[in-house]
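Where a number appears in this text, it was derived from the coordinates with a stated rule and is not lab data. Remember, it's a predicted structure, so these values are computed and weren't measured experimentally. Glycine also receives a Cβ, built like all others from the backbone with ideal geometry; neighbour counts cover every protein chain displayed.
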Amino acid sequence: MPHSTTSLSLPQKITIKNQLKAIEETTLKSELRAGLLAQDKYISSKFFYDRAGSALFEMITELPEYYPTRTEKSILQNGAQSFFSKMRNLELIELGSGDSSKISMVLNAVPPLFLDSITYRPIDFSASAIQKSARDLSKRFPTLTIDGLVADFTSKLHLEHNGHSRVLCFFGSTLGNFTPHQATTLLSNISSTMHQGDQLFLGIDMEKPIPILEAAYNDSQRITEAFNKNILRVTNNLLKTNFIPIHFEHLAYYNEAEHRIEMHLKARKKLTIESPYLDANIILNKGESIHTENSYKFSEERIKQITTDSNLQIKEIFYDIHKWFGLVQLEK
Ligand code: SAH
Ligand code: AVI
């Protein structure tokens, strides 16, 4: 979510551009409106990530039930370290970067002497996440140049190639938050920002027994429920709607036919939603739900399909011992 970045004094080697400011008013509001006016109501999962949402997501990553983060980190620690240790004179671009913990594991593999030859370019919808991560990284890696970009990676990204080779990272299985069609479009757009020989490290959550999947999105501390309901607060802020989170029930279940976890917010009673940006009130009937997220789980076959369709070649897939998560190394 857009926050002002101009008032901050940043260390010398950090710049943060905000590409969202210009489109915020028009595109974001009309996107939200379209979802709430649809027959099957939805809010795009990118609206989870304002300051509070990013902080709640960070809490999710530490929950005992939420296996993806620690599993991907275990793969980063073992699998791809030999590639990362050879990185020199390049741009390291991270999509949906969030906090600094995963990219720190990548940068830790680089001999300190060569860190000043790397420009790290985090791209995220959340200005607060980029600011926090850039500050953390500049303390840990003072010679690293950081060029952050607050942007929606589903829109056209302005990533002119400056001649340096590129290593892109798209961790966390965030690609899984898009339908196969959307994911192929997104991956093809990412691929189009790469030159021959550039690499992409893509984190992918794999299929596994349903109870493990469902527990990860229904944690006992109800942090995922708070994260899901935060999207209503973000919507209230942007559209001046009158959603009251306690009027909704958190639902998260595995849709086997679609290979995805679905998250919804189900109205506990009939609700009338008002907004100065809507021509008429929206009526939500008791039991009607708003679809807030899909989180697709992959087979190796579907990984091959989507990457081939996006004009990328698989060099290697690194897995954890249970094959719960895959880190796919792709080359243009
Ligand atoms: N990469 C981190 C964070 C994953 S959470 C990890 O692996 O833990 C997903 C991140 O993607 C959030 O930081 C969110 O703000 C960002 N994000 C989601 N949709 C986005 C979009 N359309 N454009 C840019 N960033 C997006
Ligand atoms: C960022 N994304 C891949 C997470 C996921 O697992 O789909 C977001 C999340 N939603 C609920 N818990 C975590």
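Using only side-chain charges placed at the Cβ, +1 for Lys and Arg and -1 for Asp and Glu, the dipole size of the stretch 210-296 relative to its Cα centre rounds to 420 debye.
So between residue 156 and residue 309, what do we pick up on full extension, going 0.36 nm a residue minus the alpha carbon distance? Intermediate results must be reported in sequence, preceding the final value.
Values: separation 153, 0.36 × 153 = 55.08 nm, distance 1.92 nm.
Here the answer is 53.2 nm.
Counting Lys and Arg as +1 and Asp and Glu as -1 over every other residue whose Cβ lies under 13 Å from the Cβ of residue 13, the net charge comes to +2.
Length gained on full extension, residue 323 to residue 114, computed as 0.36 nm times the residue gap minus the Cα-Cα distance: 71.9 nm. The equivalent ellipsoid of the chain has semi-axes of 33, 24, 18 Å, largest first, where each one is the square root of 5 times an eigenvalue of the Cα gyration tensor. Per residue, the convex hull spanned by the alpha carbons of the stretch 55-172 comes to 102 Å³.
To the nearest ten degrees, helix 127-140 and the longest principal axis of the Cα atoms of the chain are 30 degrees apart. Taking label points 7 Å from Cα along the Cα-to-Cβ direction, residue 104 and residue 52 give a separation of 2.6 nm. Modelled spin labels at residue 27 and residue 257, positioned 7 Å past Cα toward Cβ, are 3.3 nm from each other.
A helix-only calculation puts the chain at -9500 deg cm²/dmol for mean residue ellipticity at 222 nm, using -39500 (n - 2.57) for each DSSP H run of at least four residues, averaged over all residues.
Most tightly packed first, judged by the mean number of other beta-carbon atoms within 10 Å of their residues, the peptides 90-100, 311-321 read 90-100, 311-321. Diffusion coefficient of the stretch 210-296 by Stokes-Einstein, Kirkwood radius over Cα pairs, 25 °C, 0.890 mPa s: 178 µm²/s.
Extension gain for residue 233 to residue 77 (0.36 nm times residue separation, less C-alpha to C-alpha distance): 52.5 nm.
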